[in-house]
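Take a look at the structure set out below.
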């Protein structure tokens, strides 16, 4: 009887002896066989010093410390109608995360900004998202990044091909209280690639038939979701949101706080506040919503066993969603034009 291990080793040896063209063809076929709902339209790597539109070569080295040690930070920006939304706000947070993570920049801020815009331009994507990372870089498999040659900037443009997901969110989602321990504030306020708690919280929610889990902080106050902020509309028509001192400072959440002032002017809201929110207070609210680049303003119609209102999205939540969408389409002060 043949030893399967020996066969596997032999196959592996034959594989690594193939030409680089064969290796590329296998990677290309592998990518083409993935029936995912996202398309990767362009990637930048400072290792290569350029942009590719071929998903088969959108790769990073295994000894990159972002891969095997989680020493990296990231951020994102939405692309709508050929404009990047809140690019500078996201980029500022990105650089703050890099500083807290002790990762030096490979380029200055303006050069990074220019590279990100050029990557979107090369992608030809007019509606999608731009995600970018700063890594301590490749060099070895040690714990310390002292052996890394240089920090590395990566960026990728993503187009989501699953419109059904948006329809589900517009009807409202269910959330649960997460049992997964929340990150310590020192790490929660930094947008790093250390997302295992976030992943486990999301998986726990999906296993319970919910969209997301809601974290509570060390004092039992409402904190955030796995990749979004949380807000409520009280019975007194006040918009309340947890403080950002122990959680990620959401760019979308902060923009919603600004846009919500218009609802005060119209008499639909009586006030806006950041405060410590108890679970009891949150569940007594008229409306609950999730806020983030990926969901924008997503209505929550059920939290654990609590159903909000008549189980349909609330009026204020819908108003805020309309305001943020309109802002993305027309606000000149926070939109960055992309030349295609």
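All of the numbers you see were taken from the coordinates with simple rules; none came from a lab. Computed from a predicted structure; not experimentally measured. We place every Cβ from the backbone using ideal geometry, glycine too, and count neighbours over all the protein chains shown.
Here are the numbers for this structure:
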| quantity | calculated |
| --- | --- |
| Overall form of the stretch 165-330 per C-alpha gyration tensor (a/c, 1.5; a/b vs b/c) | rounded |
| Antiparallel %, DSSP beta bridges [both residues in the stretch 138-275], to 5 | 30 |
| Potential extension, residue 195-residue 124 segment - 0.36 nm per residue separation minus Cα distance | 22.6 nm |
| 192, 179, 99 arranged by Cβ crowding within 10 Å, fewest neighbours leading | 179, 99, 192 |
| For 269, 257, order by how many other beta-carbon atoms lie within 10 Å, fewest first | 257, 269 |
| Centroid-to-centroid separation of the stretch 115-140 and the stretch 222-255 [C-alpha atoms, Å] | 28 |
| The stretch 36-161 - percent relative contact order, Cα under 8 Å, separation 6 or more | 39 |
| Mean separation of Cα contacts under 8 Å (6+ apart) over length of the chain, as relative contact order % | 17 |
| Structure-derived Cα extents along the principal axes in Å: which label, when the choices are (1) 81, 44, 38; (2) 70, 54, 39; (3) 62, 43, 32 | (2) |
| Per-pair calculated FRET efficiency, R0 = 35 Å: residue 237 and residue 88 via Cβ, rounded to 0.05 | 0.60 |
| Extended-chain gain in nm, criterion 0.36 nm per residue less alpha-carbon gap, residue 150 and residue 305 | 50.8 nm |
| The chain, helix-only ellipticity at 222 nm - DSSP H runs n ≥ 4, -39,500 (n - 2.57), divided by all residues, nearest 500 | -10500 deg cm²/dmol |
| Chain lengthening between residue 340 and residue 262 when straightened (0.36 nm per residue, less Cα-Cα) | 24.7 nm |
| Relative contact order (%) - the stretch 165-330, alpha-carbon pairs under 8 angstrom, separation at least six | 25 |
| Nitroxide proxy distance, nm - points 7 Å out along Cα→Cβ at residue 99 and residue 113 | 1.6 |
| Rounded tilt (10° steps) of 20-33 against the dominant C-alpha axis of the chain | 30 |
| Simple spin-label estimate for residue 32 and residue 187 in nanometres, 7 Å along Cα-Cβ | 4.1 |
| Label-reachable residues, the stretch 132-151, where backbone N falls under 14 Å from a point 7 Å from residue 68's Cα toward its Cβ | 137-149 |
| Alpha-carbon centroid distance for the pair the stretch 315-340 / the stretch 193-213, whole angstrom | 28 |
| Sorted by Cβ density within 10 Å, fewest first, the residues 75, 104 | 104, 75 |
